[in-house]
Amino acid sequence: MCGIVGYTGKALALSPLLEGLRKLEYRGYDSAGIALVTAAGEKLWIEKRAGKLGNLEEILGDKVPNSHCGIGHTRWATHGGPTDENAHPHLDNEGKLAVIHNGIIENYLELRKSLEEAGHIFNSETDSESVAHLLSDARKEHKGDLAAAMRQVCKELRGSFTILAIHSDEPGRIVGARRNSPLVVGIGNGENFLASDVSAFISYTKRALELGQDEVADITAETIVITDLAGNVMNQNEYEISWDASAAERGGFEHFMLKEIFEQPKAIADTLLGRIKGFNSEILKGIDLDGIEKVVIVACGTAFNAGLVGKYAIEKWANIAVDVELASEYRYRDPSVDKNTLVIPISQSGETMDTLMALRFAKNKGARIFAVCNTSGSTIPRESDAVLYTHAGPEIAVASTKAFETQLVAMYLIGLHLGRIRGTISAELIAEIESELAELPGKVEQVLETVEPLRELTRKFTSAASMLFLGRHVGFPTALEGALKLKELAYMHAEGFAGGELKHGPIALIENGTPVVAIMPAAGSLLAEKMASNIQEVKARGAVVIAIADSGFEAADYLVRIPTTHEFLQPVLAVVPLQVIAYEMAVARGNDVDQPRNLAKSVTVE
Ligand code: AGP
């Protein structure tokens, strides 16, 4: 996934472009580049470098010409390695047209072949460069109309794209288009923006317009025209961005991830607001649930782990079968789906391609789609029948923390309301769970107050080859999430297991000193005894055990206490120490905590 930003307006373009790229760098940081229109008909000014945005900023110095219109890009490499040549923007052969792109052009090889046969010279290995040459030809066919050229080129492309283009014959004009990849318009005063998401321009304006599928935005400093590919003008709804600019800043924390770990109590409280203490139809509004016979949750990564926890709660409270599917696998096994299936895509960004494609597959089969999402105006909620927004606020760190917690809360809310609608849960149990939900922000706060010793303990394992995580019932998906966090942040091998599964093979991994984190069920429960046996089994083979427990389990080598709560809600508390372990291990290993290698915040390619 890449960061896309365009500026045209009264100010010099360099500063808003760099500001936008800084805010979007979490979307990809293999390279960065900027193209500016300097004078009508002249070659564009362009500078681009492999590596992080800082590499580009270092060489800019004061050699950047004055310009009021330009585009900028941060790249997450798909076709072609992270080199200067493969960095965006890409130029046509006259050097007067520049393009930046997010997504994948699936038919780029055939396009490139015919373009090369027509005499175009390519300077990169990327799929995106084909668009620059296509646009150059199309613009000539359309007598210099860049927007008409864009509409024509979009019809020739297969795959997903957000594209921005500028041409020096039309200073001040930026044309953008999107398909299966995000693009929003920022409406300023004497200036306008195009970007992958609102964080790029929120410090300049909170007025935004979203683009629909296969739409083209044609902007200047004073005008915004949105059309479909046939050229029909579309009237998009302007909206006010609810975030404020400071929310996207680090707020004094060393890393966004640590800030977001400490924002979890507020994120949970904001997601619960107005949704508990009595039936609130807001939860499931906009979707007809009559006749629903099964639920299918589709998601990726951390969102998938949240769905696994949701399975336990929704099955128990609503007495309905729940499947949890890896979105990237779901449609390829052609599962049975029909109008009596409720499909719940869970996505923080709302742009994850695997999840979007699973949504579309199920929708085409007649399923009803109810999304859980953290980003208003993003593609997944827009293509769903209804959405339950989590209110975690902007999550900048690539590793998901507060979004995960709010996804868990959304799962519980859906389980309660489905159970209420289906008459499968008593009013007493609803009241009990709702009061426990209401206490979660305070209880997470309590856990956060005790994490300092855990940060020190974590450093004892900095050189460990791997770390294992054990859990049972809802503790099992919690173990999976703990392992995922450690993998993506510390680049350390980690694996999550169901406690009962250990003896069926994985226990062979245990050797002297292997760190094992055990997420313990509520003390006194049947599963607690089973987990206590699992601790003995691994300790007998030399493991060093860190137990996350509400009480008891003194047999562990180290104890991390968490408050008690309803057994299904325990992951909300137990995951916090796991996030801290992963964070601290990444810091101890000198990794880039907020932008771990090879990753991107939202993977908008399949
Ligand atoms: C989580 O820490 C990862 N960054 C990743 O697994 C993420 O959860 C996954 O890519 C899904 O993203 P989404 O929630 O935006 O769809």
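Since every read-out is calculated from the coordinates, none of them should be taken as a lab result. Because the structure is a prediction, the values reported are computed rather than measured. Counting neighbours? That spans all protein chains shown, and the Cβs are built from the backbone with ideal geometry, glycine included.
Give the shape of the range 336-438 as rounded, prolate or oblate, defined through the alpha-carbon gyration tensor: a ≥ b ≥ c are the square roots of its eigenvalues, a/c under 1.5 means rounded, and otherwise the shape is prolate if a/b is larger than b/c and oblate if not. Because a/c hits 1.5 or more and a/b fails to exceed b/c, the range 336-438 counts as oblate. Scaled against the 2.2 N^0.38 Å expected of a compact globular protein of N residues, the Cα radius of gyration of the chain reads 1.01. Roughly how many debye, to the nearest 20, is the charge dipole of the chain about its Cα centre, given +1 on each Lys and Arg Cβ, -1 on each Asp and Glu Cβ, and no other charges? That gives a dipole near 500 debye. For the peptides 560-567, 39-46, 301-308, the ranking by mean Cβ contacts within 10 Å, running from highest to lowest, is 301-308, 560-567, 39-46.
Is the shape of the range 449-500 best called rounded, prolate or oblate, per the rule: a/c under 1.5 gives rounded, else a/b larger than b/c gives prolate, else oblate, with a ≥ b ≥ c the square roots of the Cα gyration tensor eigenvalues? Note, shape of the range 449-500 comes out oblate. Within the chain, DSSP assigns beta bridges of which about 60% are antiparallel (rounded to the nearest 5).
Exposure proxy shown here: for M520, M492, the number of other Cβ atoms within 10 Å sets the order, fewest to most, as M492, M520. Per residue, the average separation of C-alpha pairs within less than 8 Å and at least 6 apart gives the chain a relative contact order of 12 percent. Cα gyration tensor of the range 1-128, axes a ≥ b ≥ c as square roots of the eigenvalues: rounded (a/c below 1.5), prolate (a/b > b/c) or oblate? It comes out oblate by the Cα gyration axes. Could you name the lysines whose alpha carbon sits less than 16 Å from that of K365, not counting residues in the same chain fewer than 8 places away? Partners found: K294, K339. Each of V5, V444 was scored by other Cβ atoms within 10 Å of its Cβ. Arranged with the fewest first, they read V444, V5. Relative protection proxy for 371-384, 210-223, from highest mean packing down: 371-384, 210-223 (other beta-carbon atoms within 10 angstrom).
The fewest-to-most ranking of L527, L21 by surrounding Cβ atoms within 10 Å reads L527, L21. With θ taken as phi - 60° and the Karplus curve 6.51 cos²θ - 1.76 cosθ + 1.60 applied, the whole-hertz 3J(HN,Hα) list for the range 482-489 is x, 5, 4, 4, 5, 4, 6, 9 Hz, x standing for glycine and proline.
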